[in-house]
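Below is one structure, written out as structure tokens; comments come after it.
The values are calculated or read from the model by the stated rules, or taken from the named source; none is laboratory data. Keep in mind that what you see is a predicted model, and the values were worked out from it rather than measured. When we count neighbours, we look across all protein chains shown, and the Cβ atoms used for this are built from the backbone with ideal geometry, even at glycine. The accessibility values were calculated without ligands, DNA or RNA, using every heavy atom of the protein model including side chains. Shrake-Rupley method; radii C 1.70, N 1.55, O 1.52, S 1.80 Å.
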Amino acid sequence: MAVLLSSLSPLGIHIDMNKNLSVSYSSFPKIHLFKISTPLRVRTFVVSSRKNSGSGLASEDKKLLLERYGYDANDDFASQSKKARRKEEKMSGRNSQQVEEVVVVQPRTTHRLLQVLAGTAKRKKLLSLKGMDVRPMMEVVKGAAFGILQAAGGCPTSLRPGRWLDLYSGTGSVGIEAISRGCSEAHFVEMDPWVVTNVLQPNLEHTGFVDASVIHTARVENFLARADKLVGKDGVFDYISVTPPYMEVDYEVLMDQIAKSPAIGENTFILVEYPSRTTMLDSCGCLEKMTDRRFGRTHLAIYGPKWAQKPRKS
């Protein structure tokens, strides 16, 4: 570091310190100027490794800039490109991996909670599904329905002999109850093959009603449309039970299809289980509503021929 031996007074007068002057400016502060050699400036460049988003330098300009200041641009960009490729491969690998959604299906199991209420198979236990996959008719509703039908047929202790059609049969408890109380034959319509194999068929075997039963593994809508071909030469049914899953059917459409089906006749009785806030018509084809009862949130409507109607009070 070199020092210039000169001083500058506060008044701006240049004074040579090597000469002996009689005038003294010791009362004024002196400012010493130092000439310092300028050190080498270090320039720092930050090159972003992100993709060019439309602003900043392009990759070629960055390369030239690095070469200008003595960097080996090839090595630097090669290392950066390797890192970028590894990152892209890692990210693309994540995106390309298919996430397999594992759906755990609980096994369907059965238990014996239902029973036959009356007749030749009275108190025999019936299989039913655990859970709400199949919702059988409550025993109090079933007992009331058969009591009304037996009274309408003129025999309070049993049903008139005839053929029963159990729509949406599920466990088959309604059709089995009908055979137990005097029906000569019952047709069961159930669309679920698992229920047919593991619930309905074992119940028929347990009660001994296999020979008096016919199972139709089909949708109710399809069965009603082809009822004339499926029921054979015997024609219409004497009794029809309708116990569908409440939220999966349109009752207006269903009852209209039943009314137009060749499965019903002038002497047919139809019992329908339906939920609250559902309006049932006063007739179904040529049949008139005999009764409409409520059991909590469950309602039961029964349609029958004119001769079975109770005389109305004036």
Quantify, in whole percent, the carbon and sulfur part of the accessible surface of region 182-314 (1.4 Å probe; protein heavy atoms only). 48
Want the number for residue 306 to residue 88: 0.36 nm per residue separation, take away the alpha-carbon distance, what's left? 70.4 nm
Quick check: convex hull of the Cα atoms in region 212-310, volume per residue, rounded to a whole Å³? 117
Under the Karplus relation 6.51 cos²θ - 1.76 cosθ + 1.60, θ = phi - 60°, what is the ordered set of whole-Hz ³J(HN,Hα) values for region 107-121, x standing for Gly and Pro? x, 7, 10, 10, 8, 10, 10, 8, 8, 6, 7, 8, x, 5, 10
What is the magnitude of the charge dipole of region 197-314 about its Cα centre, with +1 placed on the Cβ of each Lys and Arg, -1 on the Cβ of each Asp and Glu, and no other charges, expressed in debye to the nearest 20? 460
How large is the dipole of region 106-250 about the Cα centre if only Lys and Arg carry +1 and Asp and Glu carry -1, each at its Cβ, rounded to the nearest 20 debye? 460
Using r as the Cβ-Cβ distance of residue 205 and residue 139, and R0 as 25 Å, what FRET efficiency do you calculate, to the nearest 0.05? 0.70
In this structure, the FRET efficiency calculated for residue 286 and residue 247 from their beta-carbon separation, with R0 = 30 Å, to the nearest 0.05, is 0.50
Cα-based Rg (one decimal) and Dmax (whole number) for region 160-275, in Å? 13.2, 36
Using a 1.4 Å probe, what is the accessible area per residue for region 191-246, in Å²? 49
Residue 198 versus residue 115, label points 7 Å from Cα toward the beta carbon: distance in nm? 2.5
Work out from phi, with θ = phi - 60° and the Karplus expression 6.51 cos²θ - 1.76 cosθ + 1.60, the ³J(HN,Hα) of each residue of region 154-162, listed in order in whole Hz, and give x for Gly and Pro. x, 9, x, 9, 7, 7, 5, x, x
Which order do the peptides 237-243, 141-147 take when ranked by the mean count of other beta-carbon atoms within 10 Å per residue, highest first? 237-243, 141-147
